[in-house]
There are 2 protein chains.
Amino acid sequence: MSSFEKTFKKTPQNSVARIPKRGVYDKQEVYDILDAALICTVSFVVDGQPFAIPTIHARHDDKLLLHGSSKSRLMMHAAEGHDLCVSVTHLDGLVLARSSFHHSMNYRSAVVFGKGQLVEAESEKNDALAMFTDKLVPGRWDDARKPTSQELKATLVVSIPIDSASAKVRTGGPVDDDEDYALDVWAGVVPIQQTFLPAEADDKLSDGIAIPEYLREYIDNNS
Amino acid sequence: MSSFEKTFKKTPQNSVARIPKRGVYDKQEVYDILDAALICTVSFVVDGQPFAIPTIHARHDDKLLLHGSSKSRLMMHAAEGHDLCVSVTHLDGLVLARSSFHHSMNYRSAVVFGKGQLVEAESEKNDALAMFTDKLVPGRWDDARKPTSQELKATLVVSIPIDSASAKVRTGGPVDDDEDYALDVWAGVVPIQQTFLPAEADDKLSDGIAIPEYLREYIDNNS
C-alpha cells in the first residue's frame, strides 16, 4: 500500500467480521496501538502448521521491524519472506454485565499482515537496533554501549512492509438486555493497566551509578 | 498425550530452540502460565496464510476451551478441527544491560498445539461458560444471570485436547559481557505487572447495589 493512504483498505484478510463497528482501519490509530505495545506475537506457518512466538517489534513508517539471533528459527523463517501475521493486544478492562452472556473485555488489538525482508546493510541494522533499544526505554540507546560489528553480525533484522492491517477496539461499560437492568447484580468495569514497578539495580552495579533521568521519567509515566 | 504424564514430550514442534535453558516442559508449570493469562492469541491457517486473533481461554484438565459467537470465523474454523496454536505471554520486566546487545525482557510465555472439537451437549457448554465467567472474575458465575438456552445456542464452545505444549521463561537481571561491567552505565530490571484499578460501576446500575465481596477481593489481590 502507498504510504500516502490514511486508511488500510478493507479486504477479506484484515476485515473485522465479528462486531464490525469495533473495526479500525485508520492507519494512525492502528499504528498507535502497535507502537504502544512492548511485545507482539508473530504467527507463521511451517508445513501447514501454525506457530506463534512472542517478540519485540518496532515500527518505522509503514514497516514493522523484528530482530533476533541469527540462529533463531523465527527470524530465519521471517527473513525467507513467508507470510507473517503480527498481532498485539492491550487488555484494558474486565466488563461485567448483569448476564453471564454479555460479559466482555475492553481491549485494543491490532493485526498486521506482510512478508519479511532481510535487512543486510550494517548501518540499517544499527538504526533498527537503536529503534528497538529506544522502544524498550526511550533514551536508552544513547546511554548503553553500542553494538559491535560482531554483535551486528550475530543479529538478524527483518523488515516487514505492512501490506494490510486493522485494529479492533472495545471501550465502555457493559451492555445488557433491556429486561436484565432490573436485576440485583452489580455491573461495571474493572480497568486494567500495565504498570512499571520501581527499578531494581543489578547486583553487580558499580557504586555511584544513579538511575538515569530518562529512565526515572519513563517509569514515573508508567507507574 | 496421557493425562498421567507430568511433562510434555519434547518434539520439533514444541521445543524451545533459542536459549534452550529457558524452555519449560513441566505440565503444571505450563498450565500455571496458561491459567494466569486473562487472554490468549489463537493462531490458525487459512489458505496458507497465518491469522491471529486474541480471545479468552479456559483450561479444563488437559483441554483448552475457547468460546465465541456462533457467527465467529475463528470459532467456526476452530470447530472444524484444523491445527491451532494458542499462545499466551506475560511481560514481567524490562531488562537493561550495560550493552545494547544484552537488553532483554523478563517474561513467561506458553504455547499449546492442538485441534479443536465442537462441544455440543448443552450441559457441557453451560459448564464451559461457567469456567469462562469464573476465569474472568472468580465467583462471578453464581452472581450473574445464567445463560438461557437461546444464548447457549448462539455460543460456540470448542475444546482443544492439548497435544503438545511448552513454555519459555526468563527471570533475573541483565547478563553483560565481562568487560562491560566496568562501564559507567546503569543496569537492572524494571518489573512490570498487570494491575487492576478500582471498579467503575455501570452508569445504569440501580441504587443500592454494592460491589460484591468476591470482586472486591479479586481487585485487591491484583492491585
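Rounded to whole numbers, the Karplus 3J(HN,Hα) couplings from phi for the stretch A:25-33 are 10, 5, 4, 5, 5, 5, 5, 4, 5 Hz, using 6.51 cos²θ - 1.76 cosθ + 1.60 with θ = phi - 60°, and x at Gly and Pro.
In this structure, the amide hydrogen of residue A:38, modeled 1.01 Å from its nitrogen in the peptide plane, lies closer than 5 angstrom to no residue at least 5 positions away or on a different chain.
Against the criterion of solvent-accessible heavy-atom surface with a 1.4 angstrom probe, A:73, B:145 sort, most first, into A:73, B:145.
Selection among A:81, A:199, A:171 by position relative to the dipole of chain A gives A:81 as farthest towards the positive end (Cβ unit charges, Cα centre).
The GluC sites (Glu not before Pro) of the stretch B:116-192 that meet both conditions, a loop assignment by DSSP and at most 13 other Cβ atoms within 10 Å of the site Cβ, are B:120. Here the protein assembly as shown is assigned +1 on the Cβ of each Lys and Arg and -1 on the Cβ of each Asp and Glu. Its dipole about the Cα centre then comes out at about 1300 debye.
Here the stretch B:1-133 is described by how far its Cα atoms reach on the three principal axes: 57, 35, 30 Å, from widest to narrowest. Phi angles across the stretch B:202-208 convert, under the Karplus curve 6.51 cos²θ - 1.76 cosθ + 1.60 with θ = phi - 60°, into 3J(HN,Hα) values of 4, 3, 8, 5, 5, 4, x Hz, Gly and Pro given as x.
Could you tell me the center-to-center distance, by alpha carbons, between the stretch A:16-73 and the stretch B:90-136 in angstrom? Measuring centre to centre over Cα atoms gives 17 Å.
For chain A, the spread of Cα coordinates along the three principal axes comes to 67, 48, 36 Å, biggest extent given first. Pairs from the table (A:27/A:71; B:27/B:135; B:146/B:204; A:168/B:6; A:27/A:153; A:71/A:115) lying more than 27 angstrom apart at Cα are A:27/A:71; A:168/B:6; A:27/A:153. Projecting the Cα atoms of A:17, B:209, A:39 onto the dipole axis of the protein assembly as shown, where Lys and Arg carry +1 and Asp and Glu carry -1 at the beta carbon, places A:17 farthest toward the positive end.
Over the residues of the stretch B:46-123, compute the C-alpha Rg and express it relative to 2.2 N^0.38 Å. Intermediate values should be presented prior to the final figure.
Values: Rg = 17.1 Å, N = 78, 2.2 N^0.38 = 11.5 Å.
Output field value: 1.49.
For the pair residue B:216 and residue B:10, label points projected 7 Å from Cα toward Cβ lie 5.0 nm apart. Note on the stretch A:86-148: Kirkwood hydrodynamic radius from all Cα pairs is 15.5 Å, rounded to one decimal. Put a plus charge on the Cβ of each Lys and Arg, a minus charge on the Cβ of each Asp and Glu, and nothing anywhere else: the dipole of the stretch B:1-118 about its Cα centre is then about 300 debye. Applying the Karplus parametrisation 6.51 cos²θ - 1.76 cosθ + 1.60 with θ = phi - 60° to the phi angles of the stretch B:118-131, what ³J(HN,Hα) value in whole Hz is obtained for each residue in order, glycine and proline being reported as x? Whole-Hz 3J(HN,Hα) from phi for the stretch B:118-131: 5, 8, 9, 5, 4, 5, 5, 5, 4, 4, 5, 5, 4, 5.
When the accessible area of the protein assembly as shown is split by element with a 1.4 Å probe, what percent falls to carbon and sulfur? Can you show the working numbers first?
Numbers: 10070 of 20380 Å².
Carbon and sulfur together cover 49 percent of it.
Ratio of alpha-carbon Rg to the 2.2 N^0.38 Å globular estimate for the stretch B:10-59, to two decimals, please.
Details: Rg = 13.4 Å, N = 50, 2.2 N^0.38 = 9.7 Å.
That works out to 1.38 for the stretch B:10-59.
Round to the nearest 0.05 the FRET efficiency obtained for residue A:39 and residue A:175 when R0 = 35 Å and r is the Cβ-Cβ distance. Don't skip to the answer; put the middle values down first.
Details: r = 31 Å, r/R0 = 0.87.
It comes to 0.70.
At q = 0.08, 0.14 Å⁻¹, what log₁₀ I(q)/I(0) does a Debye calculation on the Cα points of the protein assembly as shown give, no solvent, two decimals? Taking Cα atoms of the protein assembly as shown as identical point scatterers yields -0.47, -1.43. Look at the dipole of the protein assembly as shown built from charges on Cβ: of B:138, A:128, B:221, the Cα furthest out on the positive end belongs to A:128. Distant-in-sequence amide contacts of residue A:64, defined by a placed amide H-H separation under 5 Å and a gap of 5 or more residues or a different chain, comprise A:160, A:162. Put simply, the amide H of residue B:94, placed in the peptide plane, has neighbours under 5 Å in B:106, B:190, B:192, leaving out anything fewer than 5 places away on its chain.
Rounded to the nearest 20 debye, the dipole magnitude of chain A is 660 debye, with +1 charges on Lys and Arg beta carbons, -1 on Asp and Glu beta carbons, and the Cα centre as origin.
The values are calculated or read from the model by the stated rules, or taken from the named source; none is laboratory data. Because the structure is predicted, anything quoted here is derived from the model rather than measured. Cβ coordinates were reconstructed from backbone atoms using ideal geometry, including for glycine residues, and neighbour counts include every protein chain displayed. We work out accessible area using only protein heavy atoms, side chains counted, and drop any ligands, DNA or RNA first. Shrake-Rupley method; radii C 1.70, N 1.55, O 1.52, S 1.80 Å.
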